[in-house]
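Read the structure below first, then the notes.
The values are calculated or read from the model by the stated rules, or taken from the named source; none is laboratory data. Computed from a predicted model, the values in this text were never measured in an experiment. Glycine also receives a Cβ, built like all others from the backbone with ideal geometry; neighbour counts cover every protein chain displayed.
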Amino acid sequence: MASRARVRAPELIGKGGWLNTGGNELTLSDLRGRIVILDFWTFCCVNCLHVLDELRELEERHRDTVVIIGVHSPKFVHEAEHQAVVDAVERYGVEHPVLDDPELATWKQYAVRAWPTLVVIDPEGYVVAQHAGEGHAHALEKLVEELTAEHGAKGTLRRGDGPYVPPEPVATDLRFPGKAVRLPGGTFLVSDTTRHQLVELAADGEQVLRRIGTGERGLGADSFNEPQGLALLPDGKVAVADTVNHAIRVFDPVTGALETVAGTGKQWWQGSPTSGPAREVDLSSPWDIAWWQDRLWIAMAGVHQLWTYDPVTGTVQVAAGTTNEGLVDGPAAEAWFAQPSGLAAAGDRLWLADSETSAVRWVERDGDGYSVRTAVGTGLFDFGHRDGAADQALLQHPLGVTALPDGSVAIADTYNHALRRFHPASGEVTTLATDLREPSAAVLADDDIVVVESARHRLTRLRLPEEAVRVESVAHRTQRAATEVAPGKLRLDVVFQAPAGQKLDTRYGPSTRLLVSATPPELLADGAGPDTDLHRDLVLADGVTEGVLHVSAMAASCDDDPAIEYPACHVHQQDWGVPVRVVDGGAFRLPLVLAGMDAGA
């Protein structure tokens with residue numbers, strides 16, 4: 001194998017300890033003889049959630065030879081809380097051991113630069129491959145087959161049960177609910193995300209009236225897969241963002257019928273159609289939905305875009321966003337988002353919670369098209385809890401927005417455990433309530449607001465307060481250490497090795513893509529923009545001493561066997577946000593591993 005660098009795997013350490021092991025501490029020596037796949041993830045990251053789903057089939061098929069270890073490596077301050085990691089492991093159905101590494105100790109030992117990153121360790125304890133981003137399931141399958149054959153022949157492979165010990169189930173009516181909608185009769189329909197169901201609750205928000213769905217993952221006539229957003233349609237039916245099914249469903253509360261109206265059940269990848277008959281176009285992790293401007297708007301968190309579904313024509317199309325991750329306002333087709341996760345229609349505006357930029361933004365008509373504006377938030381790496389003028393206020397990974405009768409917007413400020421409010425008339429942000437637990441959405445009910453307290457597994461009814469709650473301001477930046485780089489020219493190398501048995505797909509032109517930008521933009525004097533080469537010489541501007549390099553890379557590979565009439569092709573992609581500090585004596589090269597190994601990484 002080309003990737004067989006003999007690098008001894010560093011030990012697994014993390015102050016948060018181990019989950020899903022029955023209380024046992026694991027070491028690499030305990031795992032000797034097994035193929036180990038380390039999954040560096042953080043639970044805010046939708047790409048990390050995609051990888052969890054990609055790994056499920058491999059994990060089941062090779063359970064006697066492969067041990068997957070999740071290494072939870074937080075971006076946000078809230079994600080460094082141990083209980084938040086415990087919740088996330090259950091919320092997303094993680095069925096392998098997880099190391100809670102709040103200080104990024106193991107992340108640093110493995111020189112990881114991106115969420116998600118997968119590292120493969122062979123049965124003798126050596127690192128043999130590294131993959132950043134998603135889309136690597138096929139490559140991992142091939143590598144596991146090779147390692148199984150090789151170490152089986154050498155006698156260094158050990159088969160048997162792995163160290164995973166499932167936690168004890170907890171009995172609650174809801175389990176990590178995502179969103180809610182009030183039905184015309186005054187009851188509430190809630191997406192019971194972790195149990196893959198919808199639940200109708202009585203007007204008190206507590207009594208369970210009925211459950212919709214089998215509770216098992218699926219895309220059948222009576223099943224869901226981690227549903228999230230709900231929207232009441234003009235005909236009284238309810239649209240459902242069936243997130244992990246990458247589909248939009250419609251539920252009829254009267255008849256109980258469930259229909260798929262958009263999506264194929266497969267995840268959208270670069271190069272796939274972005275418009276057309278709704279049942280023939282792939283989607284990617286639709287997280288929330290709202291009826292606005294005579295169509296259904298979709299917060300497509302998985303590709304950082306907004307899409308629309310038109311029930312009259314039965315078609316979907318991209319409405320805003322480029323798939324680049326970040327915060328850029330302007331014409332809808334040029335705007336950048338970062339995991340839009342909450343939508344709320346309010347007259348001539350569509351409000352949205354842009355979670356990874358800790359921002360609240362809106363879409364409005366602009367001539368014959370639409371434009372995007374930001375009310376609160378500055379970018380991917382600044383967050384906190386600060387009230388006041390919107391241009392100074394801070395949020396932390398909000399997942400929901402709710403339009404209020406006075407024209408203001410309530411914000412489910414998820415990782416601050418708070419309900420916040422932005423008032424466009426005054427341009428101020430205030431705090432309405434604290435001591436909530438990961439609020440993910442809210443819905444109006446007469447004079448009250450009913451909050452989905454996801455991590456408390458309940459709906460919580462609050463009277464809309466007239467006065468704000470006073471809180472102590474706090475500001476944060478991501479805790480990842482900045483990479484020290486030298487002034488002037490910086491060589492950017494995105495390392496990609498096609499998996500064994502595959503080659504770059506050049507049938508329709510270049511098979512790779514690289515997009516580079518910076519925050520602040522003035523950091524780069526030269527080298528920003530798109531191109532097809534995975535290597536580029538950047539020039540750092542004089543006088544700018546720190547910032548973030550944003551790098552987006554994609555590569556397509558296909559089976560390399562002339563005997564295969566219809567070769568299978570695979571897309572590998574990843575976005576990096578690399579904090580850099582410009583210092584004398586810093587590095588002249590920045591290697592980022594998309595797939596393969598690089599000693600300089």
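In the condition set (1) out of contact with any Pro (no Cβ under 9 Å at 6 or more places or on another chain); (2) not in a loop (DSSP other than H, G, I, E, B), residue 215 is compliant with all but (2). Would you check if residue 270 is touching a residue at least 60 places away in the same chain (Cβ under 8 Å) and surrounded by fewer than 19 Cβ atoms within 10 Å (Cβ to Cβ)? Yes; evaluated as a whole, the condition is true for this residue. So is residue 512 closer than 28 Å to residue 75 by Cβ and polar (S, T, N, Q) or not? In short, yes. In region 470-501, the qualifying residues are those that are of a type in the set (S, T, N, Q), over 23 Å from the mean Cα position of the chain (by Cα) and part of a loop (DSSP other than H, G, I, E, B), and the one that is modelled with the lowest pLDDT is 473.
Just one of the numbered conditions (1) touching a residue at least 60 places away in the same chain (Cβ under 8 Å); (2) surrounded by fewer than 15 Cβ atoms within 10 Å (Cβ to Cβ) is not true of residue 309: (2).
Comparison of 342, 377, 326 shows that the only residue that is buried (at least 18 other Cβ atoms within 10 Å of the Cβ), touching a His at 6+ places or on another chain (Cβ under 9 Å) and outside the structural domain of residue 243 (by TED's automatic domain parsing) is 326.
Across region 155-202, the qualifying residues are those that are of a type in the set (A, V, I, L, M, F, W, C) and assigned to a loop (DSSP other than H, G, I, E, B), and the one among them that is surrounded by the most Cβ atoms within 10 Å (Cβ to Cβ) is 174. In the set 133, 152, only one residue is without any contact (Cβ under 8 Å) to a residue 40 or more places away in the chain and either crowded, with 22+ Cβ neighbours inside 10 Å or more than 22 Å from the chain's Cα centre (by Cα) (or both); that residue is 152. On the stretch given as region 103-130, residues that are surrounded by fewer than 21 Cβ atoms within 10 Å (Cβ to Cβ) and closer than 15 Å to residue 570 by Cβ total 0. Elements of the type strands (runs of 3 or more DSSP E) sitting completely within region 353-448 and holding at least 2 residues that are closer than 14 Å to residue 464 by Cα: these cover 400-403, 409-413, 418-423, 428-433, 439-445. Filter region 90-102 down to the residues that are buried (at least 21 other Cβ atoms within 10 Å of the Cβ) and not acidic (Asp, Glu), then identify the one that is nearest to residue 197 (Cα to Cα). Filtering region 90-102 for residues that are buried (at least 21 other Cβ atoms within 10 Å of the Cβ) and not acidic (Asp, Glu), the one nearest to residue 197 (Cα to Cα) comes out as 94. Among the residues of region 115-128, those identified as of a type in the set (A, V, I, L, M, F, W, C) and in contact with a helix residue (DSSP H, G or I) (Cβ under 9 Å, 6 or more places away or on another chain) are 115, 118, 120, 128. Taking region 21-110 and the strands (runs of 3 or more DSSP E) fully enclosed by it, the elements with 2 or more residues that are within 21 Å of residue 301 (Cα to Cα) are at 35-41.
Taken residue by residue, region 40-47 has at least one member that is over 24 Å from residue 227 (Cβ atoms), modelled with pLDDT of 95 or more and surrounded by 23 or more Cβ atoms within 10 Å (Cβ to Cβ). Looking only at region 184-218, which residues are among the hydroxyl-bearing types (Ser, Thr, Tyr) and under 30 Å from the mean Cα position of the chain (by Cα)? Correct list: 191, 193, 194, 214.
Rundown of residues vs (1) over 21 Å from residue 338 (Cβ atoms); (2) modelled with pLDDT under 85; (3) assigned by TED's automatic domain parsing to the domain that holds residue 547; (4) not in a loop (DSSP other than H, G, I, E, B), yes/no style:
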site	(1), (2), (3), (4)
558	yes, yes, yes, yes
562	yes, yes, yes, no
565	yes, yes, yes, no
572	no, yes, yes, yes
578	no, no, yes, yes
585	yes, no, yes, no
590	yes, no, yes, yes
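Would you mind stating whether residue 140 is touching a residue at least 60 places away in the same chain (Cβ under 8 Å), assigned to a helix (DSSP H, G or I) and either of a type in the set (A, V, I, L, M, F, W, C) or closer than 29 Å to residue 268 by Cβ (or both)?
On the way: touching a residue at least 60 places away in the same chain (Cβ under 8 Å): yes; assigned to a helix (DSSP H, G or I): yes; either of a type in the set (A, V, I, L, M, F, W, C) or closer than 29 Å to residue 268 by Cβ (or both): yes.
It is true that residue 140 is touching a residue at least 60 places away in the same chain (Cβ under 8 Å), assigned to a helix (DSSP H, G or I) and either of a type in the set (A, V, I, L, M, F, W, C) or closer than 29 Å to residue 268 by Cβ (or both).
The single condition among (1) farther than 24 Å from residue 281 by Cβ; (2) in contact with an Asp or Glu (Cβ under 7 Å, 6 or more places away or on another chain); (3) among the aliphatic types (A, V, I, L, M) that residue 254 does not satisfy is (2).
With respect to residue 118, is the statement that it is aliphatic (A, V, I, L, M), outside any helix (DSSP H, G or I), at pLDDT 95 or above and over 19 Å from residue 56 (Cβ atoms) true? Spelling it out, it is not the case that residue 118 is aliphatic (A, V, I, L, M), outside any helix (DSSP H, G or I), at pLDDT 95 or above and over 19 Å from residue 56 (Cβ atoms).
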